[in-house]
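Notes follow the structure.
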Amino acid sequence: MMEINRCTGIDPDFSGLVTLLDQYLAEKDGREHDFYNQYNGISEIKHAVVIYSEGIPVACGAIKEFAPLEMEIKRMFTHPSFRGKGFAGKVLSELENWGKELGARRFVLETGKKQIEAIKLYEKSGFVRIPNYGQYIGIENSVCFEKNI
């Protein structure tokens, strides 16, 4: 049985999954991890989602205001044991729905070039590549996306 929980960045299940995400990204990104990590604090996140499978937290993501009527998708992660089962798509869909409820008209996000599965998910979900924005301008390893609704 799957359950979706809306929470904040201080939720222990969300923060536990984010800890695993950070470990995963530190391995993937190597020396670049410190640059990205400075923009990924979770204590101020007001809109996070955790998905549970049989009571176990298996996937998460969050949104935060990027600009008026725009949300940035952050901290997307699925536990490795549960990948390939559609949980990331469910998190993304829930975040989009929540963002729409909050009045968002556009979503943006950044992921790394090495995150092939994430890139495929975003493209399959209707996101299109855009020039790197904000702190990601000029960062060769970053790939940015948007989705207008």
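Cα atoms only, region 70-149: Rg and Dmax in Å?
12.5, 34
Let's test this: bin the Cα-Cα distances of region 51-100 at 10 Å from zero up to the farthest pair and state each bin's percent.
27, 48, 21, 4
In debye to the nearest 20, how big a dipole does the chain give about its Cα centre with +1 on each Lys and Arg Cβ and -1 on each Asp and Glu Cβ?
420 debye
From the phi angles alone, apply the Karplus equation (6.51, -1.76, 1.60; θ = phi - 60°) to region 61-69 and give each ³J(HN,Hα) in whole Hz, x where the residue is Gly or Pro.
Along region 61-69, the couplings run x, 8, 10, 9, 4, 9, 7, x, 6 Hz.
Mean residue ellipticity at 222 nm from the helices of the chain, using -39,500 (n - 2.57) per DSSP H segment of n ≥ 4 over the full residue count, to the nearest 500 deg cm²/dmol?
-9500 deg cm²/dmol
What is the spin-label model distance, in nm, from Met2 to Gln135 if the labels are put 7 Å beyond Cα along the C-beta direction?
3.1 nm
Loop-only check: which trypsin sites (Lys or Arg not before Pro) in region 76-149 are DSSP coil with at most 15 other Cβ within 10 angstrom? Display every interim value, and only then the final one.
Working: sites: Arg83, Lys85, Lys90, Lys100, Arg105, Arg106, Lys113, Lys114, Lys120, Lys124, Arg129, Lys147; in loops: Arg83, Lys85, Arg105, Lys113, Lys114.
Hits after loop and neighbour filter: Arg83, Lys85, Arg105, Lys113, Lys114.
What number comes out for accessible area per residue over region 4-149 if the probe is 1.4 Å? Units Å², please.
Working: 7560 Å² over 146 residues.
I get 52 Å² per residue for region 4-149.
By how many nm would the segment from Leu20 to Lys113 lengthen if fully extended, with 0.36 nm per residue of separation less the alpha-carbon distance?
On the way: separation 93, 0.36 × 93 = 33.48 nm, distance 1.94 nm.
Extra length from Leu20 to Lys113 when fully extended: 31.5 nm.
What distance in nm separates the two pseudo spin-label positions at Arg83 and Glu27, each 7 Å out from Cα along the beta-carbon direction?
Result: 0.9 nm between the two label points.
I need the per residue convex hull volume for the chain, using only the alpha carbons, in cubic angstrom as a whole number. Can you show the working numbers first?
Working: hull volume 15.5 nm³, N = 149.
It comes to 104 Å³ per residue, whole-number rounded.
Please report, as a whole percent, how much of the solvent-accessible surface of the chain comes from carbon and sulfur atoms (probe radius 1.4 Å).
52 percent
Considering only His47, Ala26, Phe87, whose Cα is most displaced toward the positive end of the charge dipole of the chain, charges sitting on Cβ of Lys, Arg (+1) and Asp, Glu (-1)?
Ranked along the dipole, the leading option is Phe87.
Assuming 0.36 nm per residue, please report the length gained on full extension of the stretch Ala67 to Val128 beyond their Cα-Cα distance. If you can, show how the numbers build up before the last one.
Details: separation 61, 0.36 × 61 = 21.96 nm, distance 1.84 nm.
Using 0.36 nm per residue and subtracting the Cα-Cα distance, I get 20.1 nm.
The values are calculated or read from the model by the stated rules, or taken from the named source; none is laboratory data. A quick note: this is a predicted structure, and the numbers were derived from the prediction, not measured. Positions of Cβ are backbone-derived with ideal geometry, glycine not excepted, and every protein chain shown enters the neighbour counts. Quick note on the areas: whole protein, heavy atoms, side chains included, nothing else; ligands and nucleic acids left out. Shrake-Rupley method; radii C 1.70, N 1.55, O 1.52, S 1.80 Å.
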